[in-house]
Amino acid sequence: NNKALSVKADKYDEIASFLKGGYAFNTSQYFNASETIIIMNKNEKNRKFTLTTNWGGGGKLSTESSDSSVAQAYFNEDSWYNSTQLTVYAAKEGTAIITITSSSIKSPVKVLVIVE
């Protein structure tokens, strides 16, 4: 089926681009995610991962999805010291990049979410 192959090729291209951008290897001890590539079933609604940061209450953290119709992530707590969990909600098949930014740390954390 040509449509199925096209969808797989699009996913492959997005994964390759994500890997080439170096986002899968966020090794900063000050701002990183426990998982940078998350593969979910479309029926799986509450996947959690951990964000570690030296944020400690200073500055502002936010999340943004490249395709919120596929997946979004939300912080589980309003405040914490050096780590917290985020919950990913999958809505439909596809790919989305969740970008977590901090007003006090220059490099964002990116998590690729693949929903099958």
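For this structure, a couple of remarks:
For every residue, the table says whether it meets (1) touching a residue at least 40 places away in the same chain (Cβ under 8 Å); (2) charged (D, E, K, R); (3) within 17 Å of F18 (Cβ to Cβ).
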residue	(1), (2), (3)
E64	no, yes, yes
Q72	no, no, no
T87	yes, no, no
A96	no, no, yes
V109	yes, no, yes
V113	yes, no, yes
E116	yes, yes, yes
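- Candidates K48, K60, K42, filtered to the one that is farther than 29 Å from K8 by Cα and open to solvent by 80 Å² or more (accessible area, probe 1.4 Å): K60
- Test for K92: is it free of Cβ contacts under 8 Å to residues at least 40 places away in the same chain, assigned to a loop (DSSP other than H, G, I, E, B) and not aliphatic (A, V, I, L, M): no
- Checking each residue in the range 4-51 for being closer than 19 Å to T84 by Cβ, small (G, A, S) and not in a loop (DSSP other than H, G, I, E, B) picks out only A33.
- Just so you know, in the range 92-110 the residues that are of a type in the set (A, V, I, L, M, F, W, C) and closer than 26 Å to L5 by Cβ include one that is surrounded by the fewest Cβ atoms within 10 Å (Cβ to Cβ), and it is I97.
- Filtered residues of the range 63-79 (kept if part of a loop (DSSP other than H, G, I, E, B), at pLDDT 90 or above and either surrounded by fewer than 11 Cβ atoms within 10 Å (Cβ to Cβ) or aliphatic (A, V, I, L, M) (or both)): S69, V70
- A single member of T53, T87 is closer than 30 Å to S6 by Cα and either at pLDDT 90 or above or surrounded by 14 or more Cβ atoms within 10 Å (Cβ to Cβ) (or both), and it is T87.
The values are calculated or read from the model by the stated rules, or taken from the named source; none is laboratory data. Predicted model only: the values in this text are computed from it and were never measured. With ideal geometry, Cβ positions are generated from the backbone for all residues, glycine too; neighbour counts draw on all protein chains shown. Remember, those area values only see protein heavy atoms, side chains included, never the ligands or the DNA or RNA. Shrake-Rupley method; radii C 1.70, N 1.55, O 1.52, S 1.80 Å.
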